[in-house]
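Engineer: My questions all concern the structure below.
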Amino acid sequence: MADVKDPVCGMVIAESDAVATVEHGGSTYYFCSQDCAEEFRENPDDYT
């Protein structure tokens, strides 16, 4: 599996270790925590 970067906090995690994912604009974003995923959901354009 590939490493991915949480767009909210910048943490690099293994794709398989992501706590949450969010689909936005045809892409899948991976998150280290539910808090980061929720922040992204509230303001996705701040992170894309």
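Engineer: Restricting attention to region 11-31, does a residue exist that is in contact with a helix residue (DSSP H, G or I) (Cβ under 8 Å, 6 or more places away or on another chain) and exposed (fewer than 12 other Cβ atoms within 10 Å of the Cβ)?
Structural biologist: Yes, because at least one residue in region 11-31 is in contact with a helix residue (DSSP H, G or I) (Cβ under 8 Å, 6 or more places away or on another chain) and exposed (fewer than 12 other Cβ atoms within 10 Å of the Cβ).
Engineer: Taking CYS36 as meeting all but one of (1) surrounded by 12 or more Cβ atoms within 10 Å (Cβ to Cβ); (2) part of a helix (DSSP H, G or I); (3) over 8 Å from the mean Cα position of the chain (by Cα), write down the number of the exception.
Structural biologist: Among (1) surrounded by 12 or more Cβ atoms within 10 Å (Cβ to Cβ); (2) part of a helix (DSSP H, G or I); (3) over 8 Å from the mean Cα position of the chain (by Cα), CYS36 violates only (3).
Engineer: Something else about it: List pairs: first in region 1-24 and part of a strand (DSSP E or B) and among the small types (Gly, Ala, Ser), second modelled with pLDDT of 95 or more and surrounded by 12 or more Cβ atoms within 10 Å (Cβ to Cβ), Cβ under 7 Å, 6+ apart or cross-chain?
Structural biologist: ALA20/PHE31; ALA20/ALA37
The values are calculated or read from the model by the stated rules, or taken from the named source; none is laboratory data. Computed from a predicted structure; not experimentally measured. When we count neighbours, we look across all protein chains shown, and the Cβ atoms used for this are built from the backbone with ideal geometry, even at glycine.
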